[in-house]
Structure formats: C-alpha cells, structure tokens
Amino acid sequence: MNRSNSIWSSVDWVMIALFLFLSFFGWLNIYGAGYNFEQTSIFSFSNRAGKQFVWLMTALVMGFVILLIDEKTYDILGYVLYGVMILILVATPFLAHDIKGSYSWITIGSMSIQPAEFAKCITAIAVAKYMGRYEYRLRTWRDLVVPFLLIVVPMLIIMVAQRETGSALVFVAFLLAFYRQGMSGLVLLAGILAIIVFVVTIRWSILPTLIILTVIFGRGAWRLWHKPLVHKVILTVCFVVYIGIACGSSYAFNHILQPHQRTRIEVLLGMKDDPAGAGYNVNQSLIAIGSGQFLGKGYLQGTQTKLKFVPEQDTDFIFCTVGEEWGFLGSTIVLLAYLGFILRLITIAERQRDTFSQVYAYCVVGVFLMHLTINVGMVLGLLPVIGIPLPFFSYGGSSLFGFTMLLFILLRLDAARVNKLH
Amino acid sequence: MINDRFFRRSYIIAGIAILVVFIYLVRLFMLQIVDQSTKQKADSNALVRQIVYPSRGLIYDRNGQLLVFNQPIYEVTVIPREMRHHFDTLAFCQALHIDSSYFHTRMAELSDRKRNRGYSAYTPQVFMSQLSKEDVSSLSEVKFQFPGVNIRHRTLRDYTYNAAAHVLGSVGEVNQQDLDRDPYYQIGDYSGRDGLERQYESILRGEKGVEVLMRDARGRIQGSYHEGELDSQGTAGQDLTLTIDSHLQILAEQLLGENVGSVVAIEPKTGEILVLASAPGWDPKTLVGRQRGPNYSALLDDPRHPIMNRATQALYPPGSTFKLLQALVGLQSGAISTATLYPCSGPSSTPIKCTHNHGSPVTLEGAIEQSCNPYFWGVFRDILQLHGYGKNNRDFRQMYNQWRDDILSFGLGSKFTDSDVPNQVSGSIPSAELYDKFYGKTGWKAITIRSLSIGQGEILVTPLQLANQAACIANSGYYITPHLVRTDSTQRDQLSSNAPSKHHSAVSTEHFAAIQQGMHRVMTNGTGRWYNVPELGMCGKTGTVQNPHGKDHAIFIGFAPLEDPKIAVAVVVENVGFGATWACPIATKIMRKYLTDYCPTSAAPVETNETNKHKHESKQ
C-alpha cells in the first residue's frame, strides 16, 4: 500500500469536518463582527474577514503539510523545538512593542506573530516526549517534577515577561494529561480548592474560608487516623499552606494583581457594579447575546456588535456575535460542535497505542477545553475577563495557526497509529 | 489500550467537558430565552429614533396668493465628546460670529445637568438654535474642520404680508396641555397656538415621520436600521385656501389705521369671509422663532388688548343697525306693514328722542333712511303689545320671546357652531327671564326695555354677527354659515365638521325688499350719502353707539350692489364718534375695492375722515 495514500484513508475525517465547520463559521462571524453596514466584500483584504480568509487558507495548507510530515519528527525534535521556543519566548519581550499592556507580539515586516500561541503546541510535544520515554513510569510525584517544569517555564515567561496572563493560564490545561497518566486527582481538587479559598476570602472574609478548610481537613484527618505518620504530616503541611493561601489572598489580590485584573474580578463577584467602566465589556456582551433571543437577529443584523458596543468583538468576544445574530439556536449548535470536537479528541486520545501520542492528545484536549471554558465563560459573564481566543473562531493568524498545528499533529499521530496496525 | 488502570479517567475528563458546555447552555437559555429585558436594552443602546418633521401646510388666500409658508431655520449642534481633540475654538467662534466667552458660557450651560437634563457628551446638543441661513453659511463651509459639529434644519412660519394676524394665528412650541391631550406631540414639537393655525392644526401639521438610525458605542450615527424598513417619511401637511381676500384684508387693516376696531366682510351667497380684520393687531412675523416669547408677552401686556380678535370676540350694542331687524320682525309679526307711519317730534320725541332732522310722520323706508328713533320705538312697542299684556303679563312675555327668537334667527346671541371661525363669543339678546329677574314677571313692559328698540341696552353682538346680519338681509332672508377656509371634502372629513349650511331667518323673503330699499336710501339720501358710490348700488346702515368708555363707537353695516349683493360688510370703530363719519367710509371703500378693484384714498383713511367729519358733523 502506498504510504501517502494510507494517510488520507486513515486520517480522522470527522475531526477535519468539525475543524472546517468551526473555522468557516468563525470566519463568517468575523465578517459579521467587522461589518459596519457598509458592504465590503468578505474577501476584501482590507477588512479583517478578508485577512482571516487568507490565514484560513494558509492554515489549511499548513495542516496538509503537517499530515505529510513523518510523525516521528516530533518525537525526535521535541526538545530542540522546546529549546528554540524558550529562546524565542524570552526574546519576545525585548523585540515586542507594547500592545494593550502586553509584550507578546513580534512584528516582522507587516506581519505580527504571537509566539505564545505556538508555545502550547511545542510544550505539549516536549511533555509528551518526556512522558513517552520507554523507561518513564508515573509512580510518585517525583516523576512529575520535570513535566511540571516543562510547562511552568514557558508559563512564567509568558506571564511575567510578556504580561499575557490569559495565555499563560492555558498551560495549566496540561495537568489534564498528567491526570490521565495517573497523577492523583487530588492535585486537580487541590487547585480547585485553592480557587475556592481565594474567591471566598476576597468576596466575603477569611472567616468562612477557615471554616471550610477546617471541615475539609478535619474530615481528611479522620480518614488518616490509622495511616502512617508521614500522611498526617503531609495533611498538616497542606492545611498550613491553605491557611497561608487564605491569608495571602487579600494581599495578592490587592498588591500582586494589576488594577484592571482586580476590578474585573470585583465586577464578576458582584462586589462592584460599574456597567459603564470595568463591567462595560461584559455588560454589553450580555446585552448582545440576550438580545439575540431564540433565533437571533440574523446574519449581519446584530446592532450591539456591529456598532462597537462590545469591544474586542471579533477576537475575544466573537461569541457575542454568534449569540446576537444566530440566537440561542446558533449558540447551542456552536457549543455542541465544540463539545463534539472535544469528545472526539478524547476518543482519539483513548485509541492511541503509545504514551507519546496519548499524552500529546490529552494536552490537546486540555488546551481546547481550557480555551472554550475561559473564553465562553468570560463572554457569558461567568468567569472574569481573561483575554484568550476562542479556537478557530477568534480573529487572528497566530492563534489559528497555533490551533491548527496542535490539531493536525495529533491527526497525523492518529493516522500513523492506524498505519502501524497494517 | 495503554494505561488501562486510569481508563475511567477519560470519562471524568469527558464529563468535565460536558458539564462546562451544559452550564453554558443553561446560561444562554437564561440570557436569551428567559430574560426579555436585554432586547430592549440593546435597542436603546443602538437605535435612535429621529423624528422627521413634515413640512406644515401652506396657507393661500381666495385668489391663490400665498399667505403663510415655511422658512428653514438652522440649529448648530455639538457632540462635546468629539470636540475634545483638535478643536479650534477660535475658528469655530469666528465662523459663527460669536466671541469665545459666549462659547465657553454656552458649553458650560450645556453640560450643566441641572439646566440641561438630557445632557450627554456623546449625543448632539443644541449649541445655537433658530439661526438663519446667513448665520450658518460661513460655518457650513468649514464645518468639516470641527469634529462633532453639525447643522440641523427645521422650519418656522413666514408670512407674505403683515396682515390677518388674528385670522392666521401663530405656531409655537407645544405646551403641557397639548402633550397630555394628544400623544402625537413630543416636547419640542410645534403646533398651531391660535387662529386658523390652531383650528386646522390636524390638517396643517401632517404626519411626523421617524427614521430609525443606528448609533455606535460613541454615539455616532451609523446609518439607518434595517435599511430603513422601520422608517416612515411622514406626510406633509395639507395646504389651506382661505376665503379671505388678502388685498381687501390689507386695505381694511390700513383703513382701521391706528383706531381700535374691526372690519368684517362676507360674500353673502357663500358665507365666505372676505375680510376679518381687527385693530390693533401685530405683524405675524414677530411671533416666530426666538422672538416669539417676548413679543407675545408684550402683546399680552398691551393695554389695548391687541391679542383679542375684536371681529369675533368684542361685544358691542348694535345701535341703529339693529333697527333693520326691528323692522323685519315687525313686518313678519304683522305689527307693522311697509306703509305704517309713525310720528316723529324730533328732539322732543318721547320716550326716545330723534337725533335727525326730517319730516313727520315717516314711512318705514324713510325711517331707515333717517334712522328715526321714535319710529323704531313705535315698531318695537307694537310688536310686543300686539296681543296686549294679558294676565300676569303672559301675552306680552310670549310676544317678547317670539321677538327674541326672530332676532336670534339672524345669527345673533350665539356662536356659529358649524363655522371654522376661531375664538367666537356668543353675544347676547336678553331673555325674558333676565328681565323677570330684574323686575319680576309683571314688573316690566315695553317701555321698560325701550333701549332695545334702537339697539342699545342689553343687546350685545360681535362685528362678525353684524356682517352676517348684513349678509342675511342682502340675501333676503338667509345666511350661509360664515367661514374662513374653503375646505375640500377630505379635509372636512378629518375635521368632522359639516359643510357651511344655509340658515333661514324667521322673516319671510318678501319683507326684505323694503328694508333693502331703506338701506339703499341711507346711502343715497341718508346718513351714508357722503361716502356713497352711486353706480355700485350700495346699501347700508350707520350706527353710533353710546358706551361708558368714552366717545361713541362708530358702526356701519351694509352690502352692495342692491340688485345682486356680492359683498356684505360690518365696520366697528371704537370711541371715535359717529358711525356715518368713521365707519361708513371704511365700509364703502372696502365694497368699492371689492367690486371695482379701485380704492381712491386707501392709504389715508384718517385724513378723509377728518375732513368729512368737519363737513358733516352738524348735519347728523
């Protein structure tokens, strides 16, 4: 059997169909969001939809090329790519101009690239390579030190040097892959508990936080009554750490977070009602979505988004346009398409035969799930405003290329798996 | 499969994804289906309903001469928010011919929310209003230099002539009552405040249109919504054609000059009012635009009450002009015939003396010609006593009521309810009950109310009623409701008013010839002879009415020509003296002008009056 033919027969076409649906529907909505009732062609390079079309075509070519590249390339070049990536990430703030407070864009000629968008993919490869080593077994927490470092390093660079909190946060998604490989679920729960402690302390006071912690750890202590001493020590340390988090929450909130981040959280938690100021984006976003009602106002007929009441309407707030113009029906279809997309990713991940592929696949699952959750949660006013794109929907070449790479490398790995069966 | 030990975790991960999407779907359901308020919020965010003002109907006179039209006025609006950057205040002030201190004061006023409650830095605020085309011309050339500055236009009324102010009325901003009464109006709208502008408001105003415009987040207009699907262009108001003859109206106002009084002329066959003049009046142009407020207050404060339309609102005893009706009712009742004679003892007559020198006894026509008071006292007395006094004065009172009804049938004592003439008052012909109240049922006799015989006493009429009375006599017994607008049927439907209808007087046609002859003799031999134009067949009756406010009121009613009356006229000039001297010349000039389009001394009525007055005073 001809090798290249077999790739096309074994590639997951359902996935590609979902990818095409989401990115083309996204492109239509970018045109809708930028449309100001003065008709310019959807293909005109002068508007954002025209540019997005060019990038979409480029992304398709990129996906095609990736499917042709031997899957072993990534395993072989994993660390090299990672090293280069770290260098670029470190260099970026020195080359970048200040764009809305972040230093994450490198301008080459007329093009701007955001290296952080590609860092997710390359970090996933590096993590997969490390955990996919023949001798690697995830038995104790020590086995997770290196994978943790692999994700924390780019995360810190992006957060501290590039000031892109949103992009950095996405790296947390890799924990999902660790979890699937056997990392204790307690780590995820511990993370969730930390968020709860933070929110409760900020929103109300430290007292309810202490009550919650005492109940949880008291119950833990009861269960560990007959366990070895070391468990009790760990539990006590954890308890102290959480008390520390609780005590530090206010300080972190007031001194470490930047003022705009602080107000975004305050608005979300209902501590501040400021529809004209900090709450403006979200308030207008909710009005836009709500006014779409069941069937929406119709394509290109949304007033809220067209008339720029919703800022960032073709990038981070693109889902508004969907809500306003396509209504509950359209929004549901888009959300279900994303759900289908993620469930399909999980199915693909589960059918991988080697750890490298599976770890990589779950990294992909994590990244997409994280983006969907944070982006839509923000637009729906359920999560604080954190500026990350909605995959395939939001305007922007870098993010589209980044997601395309992430997805098509997985598709190539998956197709190769089928080939190995033959 | 690898890592089977943790295989179940894939379900947990899938479960997390499903849970997240489920939560978001619930949230979407709440926002889009359950919460209905966002739709409205979105609309109030993005949609601006801009009123399209229709052009108000024009007003023409009976000859198609344009009387009232619309002039464009301009408003300069500013969007303060957009003026922040690169705004050359100095150049802006120069373009508007204002100094910079005015600019800063005005901007401070605009942004003071106590005084300007609708202030928003993002929406257009009226910086200067009611500017003429000249005022804004230099700004409009360089407007592009000033971000946020716009010029809007609306219309104000303008007038061809300084005439007929009372008839036309004026247009001003709607008040609270209008807003409460009619949901059509919004604050800042204009409506007819008085006169025909008010009477025909619903026809003249047209129908406002609306443009639904989209406004972006910075308040800038971004074009029309749904490509204008919800817009309506509005309907222009319908034009009105008046029955007024503007040249005759102007002449009448000139003839009244500085005097206080009024002139009404009616085309007898149609009831069309040719002239409805009241003096003093005002220049209608002064009640327009920014000057309207102060000018209107000044008119209200004027002790001569120029606001009052004397032609329809001032009440006068009809004086000697009432003798005509007295004679007609006398003939109709059978109390007299055309051949009836009454003696006259001149100034020594009782109970009412005669003020004119003539032979005795006099005939009916002669009595009209000479305005003989004793004759008409005789007529009045004989009407009332036709059946004696009867038990408890019953027959006398019945006859009085009969007499009153006959008088009322000439259109006196009440408004013309089927007429479009605004601001009418009823006037009064006293009822028997009124005298009962004064004197008791049996306490009054003909002699008690003798003043009524010569149109003095408790009788009060308006000049419009006098002119209508003249028209009714000219028509030999009927009048058509006097009206001001030649309405076509559609307009009448909108007003739900009837066509001017024919009203018959209680006096039969055959009795009018003698009265008309008498009136003709007034002009040829009697009190009107100095101003007669013989070839025009003029008929008339003068009146000089005593009143407690100074000199007598001069009154004249008449029509011409005798054979085929084309115009009936009533003139009242307050506190000047004899009707023959002051009112008659005005009336004859009006009739002459109307019938021949010639008026010898139209510009100088007062001089004519003065010279004639000295010439004839002794003869009256």
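Of note:
- Only lysines eight or more places from B:Lys143 in sequence, or on another chain, were considered; those with a Cα closer than 24 Å are B:Lys133.
- Cut-off under 5 Å, modelled amide H: who pairs with B:Cys344 long-range: B:Val362
- Tensor-based shape of chain A (alpha-carbon gyration tensor, a/c under 1.5 rounded, otherwise prolate or oblate): oblate
- Close amide H partners of A:Ser104, meaning residues 5 or more places away or on another chain with modelled amide H under 5 Å apart, are A:Ile99.
- Three-way shape call for the range B:401-441 based on the alpha-carbon gyration tensor, with the a/c threshold at 1.5: oblate
- Relative exposure of A:Tyr79, A:Tyr179, judged by other C-beta atoms within 10 Å (fewest first): A:Tyr79, A:Tyr179
- Nearest 10 degrees, 0 to 90: helix B:579-596 Cα axis against chain B principal axis: 70 degrees
- Equivalent ellipsoid of the range B:72-154: semi-axes from √(5λ) of the C-alpha gyration tensor, largest first, are 19, 15, 12 Å.
- In terms of other Cβ atoms within 10 Å, B:Glu458, B:Glu141, A:Glu71, A:Glu135 run from fewest to most in the order A:Glu135, B:Glu141, B:Glu458, A:Glu71.
- If you run the Gaussian network model on chain A, springs between alpha carbon atoms under 10 Å, then out of A:Tyr74, A:Tyr134, A:Tyr82 the most flexible one is A:Tyr134.
- Nonlocal amide H pairs with B:His503, under 5 Å, H built at 1.01 Å: B:Tyr479, B:Ile480, B:Thr481
- Helix-only mean residue ellipticity at 222 nm for the protein assembly as shown, each DSSP H run of n ≥ 4 adding -39500 (n - 2.57), per residue, nearest 500: -15500 deg cm²/dmol
- Note on A:Lys100: aspartates and glutamates with a C-alpha under 20 Å away, same-chain residues under 8 apart excluded, are A:Glu117, A:Glu164, A:Glu312, A:Asp314, A:Asp316.
- Radius 13 Å from Cβ of B:Gly390, net charge of other residues (Lys, Arg +1; Asp, Glu -1): +4
- What the phi angles of the range B:373-382 give under the Karplus curve with 6.51, -1.76 and 1.60, with θ = phi - 60°, is a coupling list of 4, x, 4, 6, 5, x, 4, 4, 4, 6 Hz, glycine and proline written as x.
- Working from Cα pairs under 8 Å separated by at least six residues, relative contact order for the range B:72-154 is 58 percent.
- Of A:Met405, A:Met271, B:Met519, B:Met83, the sequence from fewest to most neighbouring Cβ atoms within 10 angstrom is A:Met271, B:Met83, A:Met405, B:Met519.
- Applying both filters, DSSP loop and at most 16 other Cβ atoms within 10 Å, to the chymotrypsin sites (Phe, Trp or Tyr not before Pro) of the range A:287-385 gives A:Phe294, A:Tyr299.
- Long hydrophobic helices in chain A, taken as whole DSSP H segments with a C-alpha length of 15 Å or more on their own axis and mean Kyte-Doolittle hydropathy at least 0.5: A:13-34, A:48-68, A:72-95, A:115-131, A:145-156, A:185-203, A:206-223, A:229-251, A:318-350, A:355-379, A:397-421.
- Relative contact order [Cα under 8 Å, 6+ residues apart], chain B, whole percent: 13 percent
- This model, with +1 at the C-beta of Lys and Arg and -1 at the C-beta of Asp and Glu, gives chain A a dipole about its Cα centre of some 1140 debye.
- Taking 30 Å as the straight-line reach from the Cα of B:Lys353, the lysines in range (excluding those fewer than 8 positions away in the same chain) are B:Lys323, B:Lys437, B:Lys441, B:Lys445, B:Lys541, B:Lys551, B:Lys613, B:Lys615, B:Lys619.
- Between A:Ser249, A:Ser398, A:Ser46, the residue with the greatest mean-square fluctuation in the GNM of chain A (Cα pairs under 10 Å linked by springs) is A:Ser46.
Read-outs: derived from the displayed coordinates by stated rules, not from any lab. Since the structure is predicted, the reported quantities are computational estimates derived from the model, not experimental observations. Here Cβ is always computed from backbone atoms with ideal geometry, including for glycine, and neighbour counts include all displayed protein chains.
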